[in-house]
Amino acid sequence: MLNILKVKVLAFDLQWCIYLNQLSKHAYVAYFFKLISRLGDGLFWFVMLVFVWVLEEKYTYKQVIYLACASFLATATYKFLKTKTLRPRPYQVHQVIVLGDRPLDHYSFPSGHTLHAVLATIIFGYVSPILLYLMLPFTVLVALSRVILGLHYPTDVFVGALLGVAFAVVVLMMAYYFHIIL
């Protein structure tokens, strides 16, 4: 029974990966999502951090260091998972998948871009809800970009999002407990 479920998930994963990746055959779509992906490397989130700092004047270096540490721990976690699961990227396995951007590492599972996008959106959105109007659509675009560009399967993105939510909840709970963000 478990093997049947695994096969169905893998088939679903590949089907949607191929479907979404086909969108990148249009040059303007590929360029747009490559730009989104590059902004999701960190520049967009740095700009959001500056906005939080400007909009919410009560925040100081202590909060910035706290958020940087949370981001570092999230990075360490997803890199650890990548080296344990060793899932190859879709373009490496399936010839029909077109690589639309350079990968940052060799493995696919989970999506670090999505993890960080969800983590930052939840935390910065908690601190300054007005920024959610920018961050939520951008986060969805980052997640889509990873599949459209042939870098991740949909399940990589889904698990990256779940990890982002989990880290955000822990970060906000600890921040509340230690009186860091509130």
C-alpha long axis of helix 2-21 to longest principal axis of the chain, angle in °: 80 degrees
Just how many % of Cα pairs in the chain lie over 23 Å apart, if you round to the nearest whole percent? 43 percent
Full-extension gain between VAL54 and LYS79, please, as 0.36 nm times their residue separation minus the C-alpha to C-alpha distance. 5.8 nm
Proximal lysine pairs in the chain, meaning Cα under 27 Å and 8 or more positions apart or interchain, come to 11
In whole Hz and in residue order, list the ³J(HN,Hα) couplings for region 31-48 that follow from phi through the Karplus curve 6.51 cos²θ - 1.76 cosθ + 1.60, θ = phi - 60°; x for Gly and Pro. 5, 4, 6, 5, 4, 4, 4, 5, 4, x, 4, x, 4, 4, 6, 5, 4, 5
Which residues does a label at GLN15 reach in region 136-177, if reach means a backbone N under 17 Å from a point 7 Å past the Cα toward the Cβ? 153-156
Could you derive backbone 3J(HN,Hα) for region 98-114 from the dihedral phi with the Karplus parameters 6.51, -1.76 and 1.60 (θ = phi - 60°), listing whole Hz in sequence and x where the residue is Gly or Pro? 9, 6, x, 7, 6, x, 7, 8, 8, 10, 9, 9, x, 7, x, 4, 5
Name the residue from ALA161, TYR28, PRO90 whose Cα lies farthest towards the positive end of the charge dipole of region 2-177, charges +1 on Cβ of Lys and Arg and -1 on Cβ of Asp and Glu. PRO90
Cα→Cβ-extended label distance, 7 Å offset, between MET173 and ASN3, nm: 3.8 nm
Given an 8 Å cut-off on Cα distances and at least 6 residues of separation, report the relative contact order of the chain as a percent. 32 percent
What angle, in degrees between 0 and 90 and rounded to the nearest 10, separates the Cα long axis of helix 61-85 from the longest principal axis of the Cα atoms of the chain? 20 degrees
Return the Cα extents of region 140-182 along principal axes one, two and three, sorted largest first, each rounded to a whole Å. 41, 16, 12
Helix 132-148 sits off the longest principal axis of the Cα atoms of the chain, rounded to the nearest 10 on a 0 to 90 degree scale, by 20 degrees
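Taken together, the values in this text are just the output of simple stated rules run on the coordinates, not laboratory data. Note that the structure is predicted; figures quoted are calculated from it, not measured. Note: ideal-geometry Cβ built from the backbone for every residue, glycine included; neighbour counts use all protein chains shown.
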